[in-house]
Amino acid sequence: MAHPKRKTSKSKKRMRRSHHALRSQVITDCLYCGEMMVSHRVCTHCGHYKGRSVLKSTEEQL
C-alpha cells in the first residue's frame, strides 16, 4: 500500500480543510405571509414556494 513520504504538517492539513466550514443559512421574508423563512425552501407558515402553493396551510385544513 502507498504511504506518504513526509508527514503532513498541521498548517498544510488545516489549509486543505479551510473549505470544510459550515455556512450560515440565508433567512428572508416570505413574499406571501411575511414570516421569516430559509431561502430556497418552502415556507413552513403558508406553504408557498416560487409563486405556487405547495403545501396546504393549517388555515385551509380547518
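Taking 0.36 nm per residue of separation and subtracting the Cα-Cα distance, full extension of the segment from Lys56 to Val38 would add 4.6 nm.
At a probe radius of 1.4 angstrom, the accessible area of the chain per residue rounds to 104 square angstrom.
With θ taken as phi - 60° and the Karplus curve 6.51 cos²θ - 1.76 cosθ + 1.60 applied, the whole-hertz 3J(HN,Hα) list for region 20-29 is 8, 5, 7, 9, 6, 6, 8, 10, 10, 8 Hz, x standing for glycine and proline.
When a 1.4 Å probe is rolled over the protein heavy atoms, the share of accessible surface on the chain that falls to carbon and sulfur comes to 53 percent. Karplus-derived 3J(HN,Hα) values for region 38-48, using 6.51 cos²θ - 1.76 cosθ + 1.60 with θ = phi - 60°, are 6, 5, 6, 9, 6, 5, 6, 7, 10, x, 8 Hz; glycine and proline are entered as x.
Mind checking which of Arg41, Arg14, Arg52 has the largest fluctuation in a GNM of the chain, springs on alpha carbons under 10 Å? Judging by the Gaussian network model, the answer is Arg14. For the chain, a crude dipole built from +1 on the beta carbon of Lys and Arg and -1 on the beta carbon of Asp and Glu, taken about the Cα centre, is about 1400 debye to the nearest 20. Sorted from greatest to least, the principal axis extents spanned by the alpha carbons of the chain come out as 68, 26, 18 Å.
The values are calculated or read from the model by the stated rules, or taken from the named source; none is laboratory data. Because the structure is a prediction, the values reported are computed rather than measured. All Cβ positions, even for glycine, are placed from backbone atoms using ideal geometry, and neighbour counts span all protein chains on display. Just so you know, the surface numbers come from the protein's heavy atoms only, side chains and all, with ligands and any DNA or RNA stripped out. Shrake-Rupley method; radii C 1.70, N 1.55, O 1.52, S 1.80 Å.
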